[in-house]
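The values are calculated or read from the model by the stated rules, or taken from the named source; none is laboratory data. Because the structure is a prediction, the values reported are computed rather than measured. Methodologically, a virtual Cβ is constructed for each residue, glycine included, from the backbone with ideal geometry; neighbour enumeration extends over all protein chains shown.
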């Protein structure tokens, strides 16, 4: 699809959602109303269930795919259908196609202002895995907590390190975050104390959504891996650094991460991202065969940013600007590695990139790195200082691609932090 | 329910499934047949869907709970219903109650020989967490891989260390296990190699199944934790030790565990285990308040064993005998800790105990410990030696409680190891 394609709907120049994008989501007209599938077009949600009910997007006689509370059924129907629906929608929504353009009654049923509806988690997420694939991030963390001279552990350059996350607490943008509590062990204390988290952080990530499963015991080869990916989202992997530091040896992060993981409501398909393919960093050493692929077009040029807005502040401060293209391990490499021992992935699974940090301090993807674990506090435009996130702060991540006058974006993932639960323990 | 209660069905003396047990499972008459709920009674599966269709076990007018492919709907209906169904079944199946006993037509519809049906995964498992709560196991592993003098890490005695497992690869007893492949780094090698796992191991565990969810951001207190547990299963957390040793820093085990995790088909309820309550070890230091409970009756006296049978061997060798009561952290403590930061658990979630090792070598719950990482090979009755699991080996775990002439058991969780996938890489 060329950047010349135009919709009969007017789309703002800087919109993330031109007719070339058409990311998928789930919406309802009221918070508790009936959920159904949509694509985003400019400021509109285009109701796919309404289109389906009116004779469009009919993938299989007698079957419906879009009057569903999640996208899973549509995604499961297969890659051929993803392309078919995309092509049909681009025709139906184009300026030179009269069928929907000139049918005002149907348009009434199909177009809803995004600002007037509720957006929900777009997929049921049966499994969530988080990787750790930004070399800059892993180096920063290793320098802070282990040894600056040997910041990267030996396995990091050989495989995309990852761990199982908690799928039940994956939530959609806009959901408030309750500050977690738990055990914190101060360096000077003999024993841990029970406390609300004092080092609450964000992690700027993207995630990809599995579109095609594999069977247990049957790994996905790196050649086939891309066909198993439906699309991408923005992802904030909220992290409680003080809980994490105490709990994470030897089995990895647990309560420090399981309290909330936020994704953006619109899934941008790989088809929409195709024009923005780019190379990933040269890998040295060359990976083992099962992870080896041509790195000249296995990444995407996606601009990413993070904003923080204090409670009552007039505006948000941009505190990080980075790019997905810095990722050392590709999504195909992550997926090939995930399944090489036989693990099965499922439609709707979320695979987090790991924090995406760039090479310079203004491109670091977490407050831990930006403030170098509180040693370099941030000063916001309103004069307040931050080392970590305070109650009332809203964190917002944005992402978009831009090339040859075409902008394809992700919208945002945003969340506001509420005070911790009050407990009545007597220690 | 006293141990005097008797069924009109004859139950072998050493059966795991007297009328005092009645564990829940899912079966079908043929492998691809219609799945529905059952309880085990002696050598029989008692079809709860058939009972429900014939006017019994009616929990709510117009609703059915047992003609389902998983137990989730029944479990979700609440603890009051668990007790109600148990009581009704114990009456219906008792020797002095004629309603089912004297209705041979109905009995034909309701009783199926377990050996002639297919048993399935009893619940849909939306989330799986594995703990690490046996002090003896953690000490053994710490001695082998870290420092024998400081085998337990500092956090181990303060909180039930746990990590997120991979729910998609939780499988039912009887499912074959494909030997996993992946990266192995030999101490003498400069780089890792790609290989089939050479140190395939079992981990003897139990698991508990969540019966009642909590909301995100609303922790389950230790006082309420027991009410959130539906029952227990036997659990084999298959482990690839060589993959694990290379991959697990700093984010924990991943491919070493995600290829398969086997559970027994029958869920034994806490009601059935009640007569076997016992104390857990004294905890020193005393845990923080959110983990504190009376330890005099927060564990269960469950005898556990592991057998290995080589391909073609006439019989299995018992290679481990231990007991659940050695567990340092209770299930309530595990659940309170799991949710203290706000994580939500869901009906059907599986919570693994971690490997259950006792104090003596014959009670160690993994080959890693039994053979002390290959330094003390096992000799089987047929003369073969084992350091880790070989292709064709079948591992079987059993568990039962016994007191005052009453035996309540779990049946078994069993799995046979198949050779690794053949890959065609050219390194």
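General remarks:
- Scanning region A:173-188 for residues that are facing chain B (nearest Cβ under 8 Å), over 20 Å from residue A:264 (Cα atoms) and part of a strand (DSSP E or B) gives A:181, A:182, A:183.
- Filter result (surrounded by 13 or more Cβ atoms within 10 Å (Cβ to Cβ), part of a helix (DSSP H, G or I) and more than 14 Å from chain A (Cβ to nearest Cβ)) within region B:275-296: B:275, B:276, B:295
- Filter pass, residue A:202 being more than 30 Å from residue A:83 (Cβ to Cβ) and in the same structural domain as residue A:398 (by TED's automatic domain parsing): yes
- Some residue of region B:307-318 being in contact (Cβ under 8 Å) with a residue 60 or more places away in the chain and within 14 Å of another protein chain (Cβ to nearest Cβ): no
- Of all residues in region B:243-255, none satisfies being surrounded by fewer than 23 Cβ atoms within 10 Å (Cβ to Cβ), within 11 Å of chain A (Cβ to nearest Cβ) and in a strand (DSSP E or B).
- Among the strands (runs of 3 or more DSSP E) confined to region B:16-85, there are none with at least 2 residues that are more than 17 Å from residue B:100 (Cα to Cα), touching a strand residue (DSSP E or B) at 6+ places or on another chain (Cβ under 9 Å) and in the same structural domain as residue B:273 (by TED's automatic domain parsing).
- Residue under evaluation residue A:211, criteria (1) in contact with a strand residue (DSSP E or B) (Cβ under 6 Å, 6 or more places away or on another chain); (2) within 29 Å of residue B:352 (Cβ to Cβ), criterion not met: (2)
- Subset of region A:194-210 [in a strand (DSSP E or B) and more than 8 Å from chain B (Cβ to nearest Cβ)]: A:195, A:196, A:200, A:201, A:204, A:205, A:206, A:207, A:208, A:209, A:210
- Residue A:218 passes every criterion in (1) surrounded by fewer than 24 Cβ atoms within 10 Å (Cβ to Cβ); (2) at the interface with another protein chain (Cβ under 8 Å from one of its Cβ atoms); (3) out of contact with any helix residue (DSSP H, G or I) (no Cβ under 9 Å at 6 or more places or on another chain) apart from (3).
Listed here are the residues, each with its yes/no results for (1) closer than 16 Å to residue B:206 by Cβ; (2) in contact (Cβ under 8 Å) with a residue 60 or more places away in the chain.
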{"residue": "B:241", "(1), (2)": "no, yes"}
{"residue": "B:244", "(1), (2)": "no, no"}
{"residue": "B:265", "(1), (2)": "yes, yes"}
{"residue": "B:271", "(1), (2)": "no, yes"}
{"residue": "B:293", "(1), (2)": "no, yes"}
{"residue": "B:324", "(1), (2)": "yes, yes"}
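- The C-beta contact set for region A:146-159 (first residue within 7 Å of chain B (Cβ to nearest Cβ), second residue in a loop (DSSP other than H, G, I, E, B) and modelled with pLDDT of 95 or more, distance under 6 angstrom, 6+ apart or interchain) comprises A:158/B:192.
For every residue, the table says whether it meets (1) surrounded by fewer than 21 Cβ atoms within 10 Å (Cβ to Cβ); (2) in contact with a helix residue (DSSP H, G or I) (Cβ under 7 Å, 6 or more places away or on another chain).
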{"residue": "B:65", "(1), (2)": "no, yes"}
{"residue": "B:86", "(1), (2)": "yes, yes"}
{"residue": "B:98", "(1), (2)": "yes, no"}
{"residue": "B:101", "(1), (2)": "yes, no"}
{"residue": "B:105", "(1), (2)": "yes, no"}
{"residue": "B:110", "(1), (2)": "no, yes"}
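- Qualifying residue in region A:133-145 (condition: at the interface with another protein chain (Cβ under 8 Å from one of its Cβ atoms), modelled with pLDDT of 95 or more and in contact with a helix residue (DSSP H, G or I) (Cβ under 6 Å, 6 or more places away or on another chain)): no
- Subset of region B:258-274 (residues that are within 11 Å of chain A (Cβ to nearest Cβ) and either touching a strand residue (DSSP E or B) at 6+ places or on another chain (Cβ under 6 Å) or in a strand (DSSP E or B) (or both)): B:260, B:261
- Condition met for residue A:121 (over 30 Å from residue A:42 (Cα atoms) and within 13 Å of chain B (Cβ to nearest Cβ)): no
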